[in-house]
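These notes concern the structure reproduced below.
The values are calculated or read from the model by the stated rules, or taken from the named source; none is laboratory data. A quick note: this is a predicted structure, and the numbers were derived from the prediction, not measured. Note: ideal-geometry Cβ built from the backbone for every residue, glycine included; neighbour counts use all protein chains shown. These accessible areas exclude ligands, DNA and RNA; they are computed on the full protein's heavy atoms, side chains included. Shrake-Rupley method; radii C 1.70, N 1.55, O 1.52, S 1.80 Å.
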Amino acid sequence: MSPAEATEAPTPSKGTFRVVQLYPRDMNIYGDWGNALVLQRRIQWHGYTPELLEYNVGDPFPENVDIIVGGGGQDSGQLVIQDDLQARAGHLKELAEDGTPMLVICGLYQLFGRFFKTRTGTVIPGISVLDVETQGTDERLIGNVKVSTTEFGEVLGYENHSGQTTLGSGVRPLGTVAKGTGNNSRDGHEGARYRNIVASYLHGSLLPKNPAIADFLIRTAAERKFGSFSPGTPDDAYAVLARENAARRPR
């Protein structure tokens, strides 16, 4: 380090974001925790300060939440969290309606909907933040996915689910499937969009390969909290390589 670098004052933070990961103990399959880590790093690259928090069953819910992320889990994991999630339903709905940016993947995508009915007939009630319903089946939708979206360009990821989700009129699809299956084996759509919520079946993790979605969450959080967003200069070199590699993979 040169003398000039040693005496150079650190760049002041533009502000702090509180990022809450929902139920990482039970809903963190296929690397979904990586989505929170990507947000942490990109928030730093944009010149803000991240505060990364976990919320698990029985914890006090963090105050002043700026971004919420949640991952997938097996049916057993959904059963573990269902009562606690129902207890937090009112607050999560308030945050959603107020424009809090959220990313919910697979299992929590399903439980943010009206219900998930397992293939054995057990109904796990959702919290109805999203106008979607999910039916478990014996068909497993698994493999690499490519989705065409109007907001985020080409979205890449990996799906592995037997629940098939149908969108209601209160949401719109994240995009149209160009490779893979998506929400179900019928309509060619993947994911759901409502207010500042992005819901998807795509693991992998999703955000390392799709920084446009990460930056959407950060930008909307900044606009909601500070009134505007002042972007930095993120290093997307590894994201570009990850996308190139993912795009070459067969179904």
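Hey, can you tell me all the residues within segment 178-198 that are under 18 Å from the mean Cα position of the chain (by Cα), in a strand (DSSP E or B) and farther than 22 Å from Lys93 by Cα?
His189, Glu190 - these are the residues of segment 178-198 that are under 18 Å from the mean Cα position of the chain (by Cα), in a strand (DSSP E or B) and farther than 22 Å from Lys93 by Cα.
How about segment 63-97: which of its residues are within 18 Å of the chain's Cα centre (by Cα), in contact (Cβ under 8 Å) with a residue 40 or more places away in the chain and open to solvent by 20 Å² or more (accessible area, probe 1.4 Å)?
Gln74, Glu97
Can you tell me how many residues in segment 234-251 are touching a Gly at 6+ places or on another chain (Cβ under 8 Å) and not in a loop (DSSP other than H, G, I, E, B)?
Summing the residues that are touching a Gly at 6+ places or on another chain (Cβ under 8 Å) and not in a loop (DSSP other than H, G, I, E, B) in segment 234-251 gives 1.
What pairs can you find where one residue is in segment 29-58 and without any contact (Cβ under 8 Å) to a residue 24 or more places away in the chain, the other is open to solvent by less than 20 Å² (accessible area, probe 1.4 Å) and assigned to a helix (DSSP H, G or I), and their Cβ atoms are less than 6 Å apart, with a gap of 6+ or different chains?
none
Residue check, Thr220 against (1) crowded, with 17+ Cβ neighbours inside 10 Å; (2) closer than 18 Å to Ser13 by Cβ, all met but one. Which one?
Going through the list (1) crowded, with 17+ Cβ neighbours inside 10 Å; (2) closer than 18 Å to Ser13 by Cβ, Thr220 breaks only (2).
Among the residues of segment 187-228, which ones are among the aromatic types (Phe, Trp, Tyr) and in contact with a Leu (Cβ under 7 Å, 6 or more places away or on another chain)?
Listed by number, the list holds a single entry, Tyr194.
Please return the ranges of strands (runs of 3 or more DSSP E) entirely within segment 1-102 where 1 or more residues are over 17 Å from Asn196 (Cα atoms) and at pLDDT 90 or above.
Passing ranges, in order: 16-22, 49-55.
Evaluate segment 159-169: report whether one residue or more is among the polar types (S, T, N, Q), open to solvent by 40 Å² or more (accessible area, probe 1.4 Å) and not in a strand (DSSP E or B).
The answer is yes, given that some residue of segment 159-169 is among the polar types (S, T, N, Q), open to solvent by 40 Å² or more (accessible area, probe 1.4 Å) and not in a strand (DSSP E or B).
Does Gly113 fit the bill of being over 18 Å from Lys225 (Cα atoms), open to solvent by 10 Å² or more (accessible area, probe 1.4 Å) and in contact with a Gly (Cβ under 6 Å, 6 or more places away or on another chain)?
no
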